[in-house]
Amino acid sequence: MFSTNERLLKTMHYNVMFTDPKNLFPQQVMNAISGWLETNYMNNLSGSSIYNKKNWIFVMVEDYDEKTYESLKHIQLNTPDSPTVLVVKSPISHDILNFLSLPLNGLVTLEFLTAHSHLVMDAIMKNGVFLETSLHRDLSIAIENKKAYTTPIKRFILNEKKITISLNERDRQVLQLLLDGHSNSEIAHKLHFARSTISSIISTLLKKMKANDRTDATVKAIRFGWVDAIR
């Protein structure tokens, strides 16, 4: 969580607030940002509405945690019409992406902002948002993982290479059909065996897996990581 330590730079057309608990913002960076805003005030060639936002907020954080998240959320609730840029003390951890659930206009390291403040401000003015390049890959992976997590699993496929005990081909065939939810009769029909034969195979399979019943066997196959989830 960050304590309240605010420095306000006022220009003719803008108020730029720097919330910085440890005074990490270099003065030249604050001057460069406020100066850029004022200099470009008359050059609103894109017609972007963000030029009309009088109050800007730059918040320095060291890493992600829930208290810091709630503090930032509180700031934005109190200043809903102010563009907000999150500045992170290098290096950026993967967890920092959790802040992107808030309506931020920028996420950047202090090192990058110090070296490229004009580039950051240009991007925010033109596109409404800036995300440091080093985070693009992590964000893409996070989005894909989120999609995978929320997409229903259609089927569990037994992966022979992941099985950690000795199962013969018939065992694996039957276990796959159990994972597919088939009854003993359906398994017998699919494999062209008598029900008694299938019951015998399942009984042997349960002993090998040290499972109590067919449901326990499927749960263990998933828990042991023997399957691939098809979505």
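The values are calculated or read from the model by the stated rules, or taken from the named source; none is laboratory data. It should be emphasised that the depicted structure is a prediction, and the values quoted were computed from it without experimental measurement. Here the Cβ positions follow ideal geometry from the backbone for every residue, glycine too, while neighbour counts run over all protein chains shown. Ligands, DNA and RNA are stripped out before the accessible areas are found, and what is left, the full protein with its side chains, is counted by its heavy atoms. Shrake-Rupley method; radii C 1.70, N 1.55, O 1.52, S 1.80 Å.
Here is a check on your reading of the model: is residue 146 part of a helix (DSSP H, G or I), at pLDDT below 90 and farther than 14 Å from residue 208 by Cβ?
yes
Whether any residue in segment 46-63 is among the small types (Gly, Ala, Ser) and either modelled with pLDDT of 85 or more or crowded, with 18+ Cβ neighbours inside 10 Å (or both) is what I want to check.
no
If you go through segment 90-118 one residue at a time, how many are open to solvent by 40 Å² or more (accessible area, probe 1.4 Å), touching a strand residue (DSSP E or B) at 6+ places or on another chain (Cβ under 8 Å) and within 20 Å of residue 56 (Cβ to Cβ)?
Residues that pass the stated criteria total 2.
Report every pair of residues separated by at least 6 positions or lying on different chains whose Cβ atoms are under 9 Å apart, first residue within segment 151-165 and within 11 Å of residue 225 (Cα to Cα), second open to solvent by 100 Å² or more (accessible area, probe 1.4 Å) and modelled with pLDDT under 95.
Between residues of segment 151-165 that are within 11 Å of residue 225 (Cα to Cα) and residues that are open to solvent by 100 Å² or more (accessible area, probe 1.4 Å) and modelled with pLDDT under 95, the close pairs are 162/224; 163/224; 164/224.
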